[in-house]
1. Hey, can you tell me all the residues within segment A:687-702 that are farther than 20 Å from A:Ala645 by Cβ and modelled with pLDDT under 95?
2. Mind listing just one residue for me: the one in segment A:569-587 that is near RNA strand B (Cβ under 9 Å from one of its atoms) and open to solvent by 40 Å² or more (accessible area, probe 1.4 Å) and, of those, farthest from the chain's Cα centre (by Cα)?
3. A:His688 - would you say it is touching an Asp or Glu at 6+ places or on another chain (Cβ under 6 Å) and in a helix (DSSP H, G or I)?
4. Given the structure, is A:Leu71 under 31 Å from the mean Cα position of the chain (by Cα) and either open to solvent by 60 Å² or more (accessible area, probe 1.4 Å) or modelled with pLDDT under 90 (or both)?
5. So which of A:Gly242, A:Gly221 ends up being on the phi > 0 side of the Ramachandran plot and open to solvent by 10 Å² or more (accessible area, probe 1.4 Å)?
6. List, please: which pairs have Cβ atoms under 8 Å, are six or more places apart or on different chains, and start with a residue in segment A:104-116 that is touching a residue at least 40 places away in the same chain (Cβ under 8 Å) and end with one that is of a type in the set (Lys, Arg)?
7. Quick check on A:Arg485: is it touching a residue at least 60 places away in the same chain (Cβ under 8 Å), surrounded by fewer than 22 Cβ atoms within 10 Å (Cβ to Cβ) and within 8 Å of RNA strand B (Cβ to nearest atom)?
8. List pairs: first residue in segment A:183-208 and within 10 Å of RNA strand B (Cβ to nearest atom), second residue open to solvent by 50 Å² or more (accessible area, probe 1.4 Å) anywhere in the structure, Cβ distance under 7 angstrom, at least six positions apart or on different chains.
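The values are calculated or read from the model by the stated rules, or taken from the named source; none is laboratory data. Remember, it's a predicted structure, so these values are computed and weren't measured experimentally. Reconstructed Cβ throughout: ideal geometry from the backbone, glycine too, with neighbour counts over all protein chains shown. In case anyone asks, the SASA skips ligands and DNA or RNA and just uses the protein heavy atoms, side chains included. Shrake-Rupley method; radii C 1.70, N 1.55, O 1.52, S 1.80 Å.
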Amino acid sequence: MCAARISLVNQGFLRFSRVYLELQRQLAVHLRSVLKAKYSLDIENIPVEIPPELKFGELATPVALQLARSLRKAPKMIAQEIVEALQSDLAALTGFAGFEVAGAGYINARLDRAAFARTTAAAELPKLAHPFFKLANPPHSLVEHTSINPNKAAHIGHLRNAILGDTFVRMLRAAGSQVDVQNYIDNTGVQVADVVVGFLYVEGKSLAEVRALLDDLKARGERVDYYCWDLYARTSQWYEQGSEAENAERKKLRYATLHAIEEGGNETAEVAELISTAVLRRHLETMLRLGIEYDFLPRESEILHLKFWEVAFEELKQKGVLYFETEGKNKGCWVMRRPGAEIADGELDEDAKAIVRSNGTVTYVGKDIAYHLWKFGLLPGRDFGYEKFFAYPDHECWISAMQGEADHPHFGGASAIYNVIDSRQSDPQANVIQALRGMGYTAQADHYTHFSYEMVALTPRCAVELGYTVAEEDLSRPYIEVSGRKGFGVKADDLIDKLIAATSEEVEKRQTSRDATERETIARQIAIGALRYFMLKFTRNSVIAFDFKDALSFEGETGPYCQYAAVRIRNIFRKGGTTPENVLAEFAELARQRADAHSELAGQQGSGIAGFLAGEENEDIWALWLRAGRRSLVLDQAITVSEPAYLAKHAFQLAQEFNNFYHKHHILTEEDAERKTFLLATAAVALHELVTVLGWLGIETPEAM
RNA sequence: GCGCCCGUAGCUCAGCUGGAUAGAGCGACUGACUACGAAUCAGUAGGCCGGGAGUUCGAAUCUCUCCGGGCGCACCA
């Protein structure tokens with residue numbers, strides 16, 4: 001049922017702590033040669049799974065079940081024959097203790113537990129000194145996430161985007177990739193235009209007055225993005241509030257403003273620049289609270305003014321991806337076939353996507369195609385100017401500019417890109433990929449991933465709680481979509497503040513001996529842990545119906561639960577007066593001695609390390625070691641299918657298995673010195689696994705809880 | 001009309017290229033703090049995996065179909 005098939009696809013770049021992966025590969029190779037010798041069959045992908053329960057062993061294959069038909073033999077018979085072949089050559093399979101037939105014809109493999117522990121512990125040691133692995137020739141990836149319109153405060157939907165994106169970046173880096181993190185800024189769109197209309201016409205402010213207001217807000221320590229949140233909602237209403245004639249005028253104002261901003265070099269554009277930059281800065285601050293950082297902020301204004309589109313347009317025309325439509329509703333436009341469209345030559349394709357309008361202006365998708373050519377380094381002669389914009393403790397975040405600074409890093413030219421964008425935009429994303437493919441950039445199209453995810457919505461109860469008026473028919477729905485335009489939603493900073501307030505209250509109660517700064521750090525770490533885990537525990541295409549009760553929960557399957565397990569382990573080492581490093585070194589030495597002795601005591605079970613890991617009463621300990629050995633496998637799978645939730649699940653299961661172990665076995669009072677070392681080593685391995693995996697999720701481990 | 005996503009326990013969700021007795025968390029009910037701090041642990045109850053058909057030795061998983069819910073399908077941005 002919950003047997004997991006191990007992916008063979010993507011293992012190449014994982015070079016550390018791959019105990020489980022190695023064993024799996026070895027078994028698959030060996031099985032293949034057995035099948036060849038016995039039945040003259042050459043099967044390339046032999047399924048090797050992790051069984052649903054430990055009593056079935058640590059690895060299993062249903063290959064005998066699959067062969068039953070072609071070999072015209074009962075699956076159990078085949079399994080028996082294969083097992084005999086494997087058993088007779090056990091010496092060639094290091095790390096395995098034996099094989100057996102089970103169920104309808106499964107072949108179950110049992111591992112040499114002591115050897116597994118020895119290898120795992122040894123793999124933990126060097127990581128302590130060098131936690132980050134670097135490949136000699138790392139693949140260059142580009143992840144784009146966050147990309148909030150700079151006209152209002154970030155809300156919970158944006159948090160899901162940024163947390164998913166940031167976590168994926170950490171995962172890629174853990175696997176050895178070189179990753180550039182980009183946050184695309186649409187500073188010339190209608191959303192920014194609307195808030196500019198708000199300042200200029202709803203509030204009737206001049207450029208100087210807007211500037212003064214921004215200074216004033218800054219001086220008072222108030223959030224500009226919050227101010228814009230309200231103004232944006234008011235402006236959206238204002239378009240519909242007046243008489244029909246007035247509303248028509250207001251709409252005209254809206255488009256005139258939009259065009260002035262796109263054009264640049266005027267006062268309206270200057271207001272837009274002031275506001276969008278101030279709001280953008282706030283977004284970066286909000287995300288930094290969650291440990292989210294960026295390398296580069298490409299802006300729409302530069303893509304426009306540096307004329308990326310012109311270069312792309314020529315190539316699109318020349319390669320026949322775009323054609324000029326002379327009939328139908330798209331008459332006078334340059335259009336592109338949609339993915340999967342089957343239209344005979346010369347026939348009118350009414351469904352084609354217009355890329356250049358009949359008035360000669362380019363659509364959003366067109367600009368996006370040009371931008372993505374740049375991302376892959378396929379836009380000859382065009383690049384952004386680069387300026388420093390935001391300083392992080394250990395690096396700069398750059399922003400696009402017309403001229404820019406002479407000395408700057410290079411962005412773009414990636415070999416793989418990931419766009420973290422919600423699933424509602426899958427159509428335009430598919431259009432861009434289609435264009436790349438049409439231009440013959442097949443490899444690039446294949447390495448273009450729309451990292452899509454479902455939205456965060458509010459439960460009706462939550463909406464009412466926040467004081468919004470909810471329509472009668474919406475009350476019975478499972479969730480209501482948030483809307484920046486209506487000012488309907490939970491602002492990111494409000495949620496973070498609320499979480500910190502809740503964790504602070506608990507920390508004040510528990511950590512009376514610590515000073516205020518320490519307590520503050522702990523409360524912040526737990527709050528962020530809770531938030532990040534909450535956003536990551538759901539798989540990407542499940543809609544999150546947001547509710548404060550769930551988001552503010554610190555018990556059960558939550559970030560704090562995982563953090564707590566790690567903190568408990570730290571407490572053990574603190575009380576025990578030793579460190580994980582020392583214990584692991586001690587254990588490695590012990591394991592080595594025992595391994596030497598083992599050859600003399602061949603076949604003698606139940607002694608030494610093997611004994612600590614054998615038997616019903618130690619099954620939970622063995623489960624913990626196994627889980628730890630599985631980490632790189634889980635990372636591999638999570639990257640292959642772009643699903644950070646797998647890692648969140650893994651961290652939780654690890655924490656759960658540790659807590660279970662913690663209650664059953666009391667470490668510090670253990671009298672047998674060797675067993676105590678072994679139990680401490682178990683805790684050390686669990687701690688390093690937890691800290692590492694939580695780190696990939698962007699969750700810090702507090703000193704105390 | 002076309003396309004994509006979802007439907008699994010009272011609630012919120014896992015279940016990873018088909019595989020062994022369908023799993024968690026929350027909520028409910030029982031129990032466990034003078035041992036490494038209970039933000040924890042142990043246990044009980046709770047499921048026609050939306051319905052139907054097909055493929056298969058084997059289906060929550062693949063195919064088809066129907067039902068229910070959501071989101072997209074502009075020369076808007």
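1. Listed by number, the list holds a single entry, A:His688.
2. From segment A:569-587, those near RNA strand B (Cβ under 9 Å from one of its atoms) are A:569-576; that's our starting set.
Now drop any that are not open to solvent by 40 Å² or more (accessible area, probe 1.4 Å), which leaves A:570-571, A:574-575.
Working: A:Arg570: 27, A:Asn571: 30, A:Arg574: 33, A:Lys575: 36 Å.
Of everything passing the filter in segment A:569-587, A:Lys575 is farthest from the chain's Cα centre (by Cα).
3. Values: touching an Asp or Glu at 6+ places or on another chain (Cβ under 6 Å): yes; in a helix (DSSP H, G or I): yes.
Spelling it out, A:His688 is indeed touching an Asp or Glu at 6+ places or on another chain (Cβ under 6 Å) and in a helix (DSSP H, G or I).
4. Details: under 31 Å from the mean Cα position of the chain (by Cα): no; either open to solvent by 60 Å² or more (accessible area, probe 1.4 Å) or modelled with pLDDT under 90 (or both): yes.
Spelling it out, it is not the case that A:Leu71 is under 31 Å from the mean Cα position of the chain (by Cα) and either open to solvent by 60 Å² or more (accessible area, probe 1.4 Å) or modelled with pLDDT under 90 (or both).
5. On the way: A:Gly242 fails: on the phi > 0 side of the Ramachandran plot.
Unique residue meeting the criteria: A:Gly221.
6. A:Gly105/A:Lys76; A:Ala114/A:Arg594
7. Working: touching a residue at least 60 places away in the same chain (Cβ under 8 Å): yes; surrounded by fewer than 22 Cβ atoms within 10 Å (Cβ to Cβ): yes; within 8 Å of RNA strand B (Cβ to nearest atom): no.
No: the conditions fail for A:Arg485.
8. Here the result reads A:Thr188/A:Glu262, each pair linking segment A:183-208 to a residue that is open to solvent by 50 Å² or more (accessible area, probe 1.4 Å).
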